[in-house]
Amino acid sequence: MSQHIDPGDYNHIVFFTGAGMSAESGVPTYRGKGGIWGSYSIEEYACQEAFERNPRKVLDFHQKRRRSVLDCEPHEGHRVIAGMPEARVVTQNIDGMHQRAGSKEVIELHGSLWRLRCQSCGFKKEDLGEEYETDRCSCGDRLRPDIIWFGDMLDAVVMSRASEAIRNCDLFISIGTSGTVWPAAGFPDLARKSGAYCIEINPEPSGATSYDRVIEGAAGEALPELFGVSRL
Ligand code: OAD
C-alpha cells in the first residue's frame with residue numbers, strides 16, 4: 001500500500017467502526033460467514049419483545065457474548081487508533097475493544113455489552129464481569145442490556161455527538177462495516193458532504209460511492225500500514 005496518511009495533516013479525524021474492526025480479535029461479525037445473525041434470530045434474542053417474552057434467555061445470550069469477548073484481545077489496528085487520542089472514535093460495536101486498547105471517549109452508537117439500564121427509571125449500571133451482577137434495579141424493575149436492539153431508538157445525545165464529530169471532521173475512516181444498518185449507514189455520506197476525505201477499510205468493500213479511497217484489506221494490517229506504524 002502506498003500513500004501513508006500523516007495524522008498531523010488533518011485537524012479532526014473520525015474513525016467509524018463496525019464489527020469487522022474486531023474480527024481479527026476473534027469477535028464474530030453479524031452478517032456473512034459465521035455471522036451472529038446466522039446462528040441467532042433477531043426476533044428471539046435482539047429486540048424488546050424477546051426480552052419481555054423471556055428475559056433470562058436474552059440475558060443468557062448476552063452473557064455468552066460477554067464471555068466470548070473477554071477471551072479476545074484488541075489487535076494492532078485498535079492500538080493504532082488508540083495511539084491518536086485526539087481522533088474521535090464512533091463505533092457501532094458493543095464489545096468495548098477500543099476502550100480496552102486505550103481509546104478514551106468512544107462514541108458507542110449501539111450501546112455496550114458492559115452496561116445495563118433500567119427500563120423504567122433509566123438508571124444505567126456499568127457491569128464488567130462475565131455474568132451480570134444483578135438483573136434488578138433498585139426501583140424494582142428489570143435491568144436490560146444497554147444495547148440498541150432492533151426496533152429501539154438510538155440515544156439522541158449519542159447520535160448528536162456522533163453527527164457533530166462527523167460534520168466537523170476532515171478525515172473520515174470507515175472500518176469493517178457492511179453499511180446496512182441505519183442511521184449509522186448514513187455517516188459516510190454525511191462525512192463526504194461535510195468535505196472530509198473519506199477512506200474505507202474492508203476486505204469486502206461496501207461499494208458506497210462516498211469514499212475517496214478504498215483499501216481492500218483487514219483492519220489489523222491495513223491500519224498500521226496506512227499510518228506507517230511498524231507492527232509489533
Ligand atoms: P456486519 O456484520 O454487517 O459487517 C461486518 C463487515 O466487516 C463486513 O463488511 C465485512 O466485510 C467486514 N470485515 C470482516 N472482517 C474484517 C476485517 N478483518 N477487517 C475489516 N473489515 C472486516 O457488521 P456491522 O456493519 O458492524 O447492531 O453491523 C452493523 C450493526 O448491525 C451492528 O452494530 C449490530 C448489527 O445488527 C446492533 O446489534 C444494533
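Would you please classify the overall shape of the stretch 1-83 from the alpha carbon gyration tensor, given that a ≥ b ≥ c denote the square roots of the eigenvalues, rounded means a/c under 1.5, and beyond that prolate means a/b larger than b/c while oblate covers the rest? It is prolate, given that a/c is not under 1.5 and a/b is the larger ratio. All alpha carbon pair distances within the stretch 86-232 were sorted into 5 Å bins beginning at 0; the resulting P(r) in whole percents reads 2, 9, 16, 19, 19, 14, 9, 7, 4, 2, 0. Tell me which residues come under 5 Å, amide H to amide H, from Arg115 once H is placed; ignore anything under 5 positions away on its chain. For Arg115, whose amide H was placed from the backbone, the distant partners under 5 Å are Asp127, Asp146. Both radii come from the Cα set of the stretch 96-158: Rg as radius of gyration, Rh as Kirkwood radius; their ratio Rg/Rh reads 0.98. Protein heavy-atom accessible surface, 1.4 Å probe, per residue over the chain: 49 Å².
For Tyr211, no residue has an amide H sitting under 5 Å from its own, ignoring neighbours fewer than 5 places away on the same chain, with H placed 1.01 Å from N. Among the protein heavy atoms of the stretch 74-138, carbon and sulfur supply 46% of the accessible surface, probe 1.4 Å, non-protein parts ignored.
Computed over the Cα atoms of the stretch 1-142, pair by distinct pair, the Kirkwood hydrodynamic radius stands at 16.8 angstrom. The GluC sites (Glu not before Pro) of the stretch 124-232 that DSSP puts in a loop, and whose beta carbon has at most 15 other beta carbons within 10 Å, are Glu130, Glu131, Glu133, Glu216. Taking the C-alpha atoms only, the angle from helix 156-167 to the longest principal axis of the chain is near 0 degrees.
The values are calculated or read from the model by the stated rules, or taken from the named source; none is laboratory data. Bear in mind the structure is a predicted one, so any value in this text is a computation, not a measurement. Note that we place each Cβ from the backbone using ideal geometry, even for glycine, and neighbour counts take in every protein chain shown. Keep in mind that these areas ignore ligands, DNA and RNA; they rest on the heavy atoms of the full protein, side chains included. Shrake-Rupley method; radii C 1.70, N 1.55, O 1.52, S 1.80 Å.
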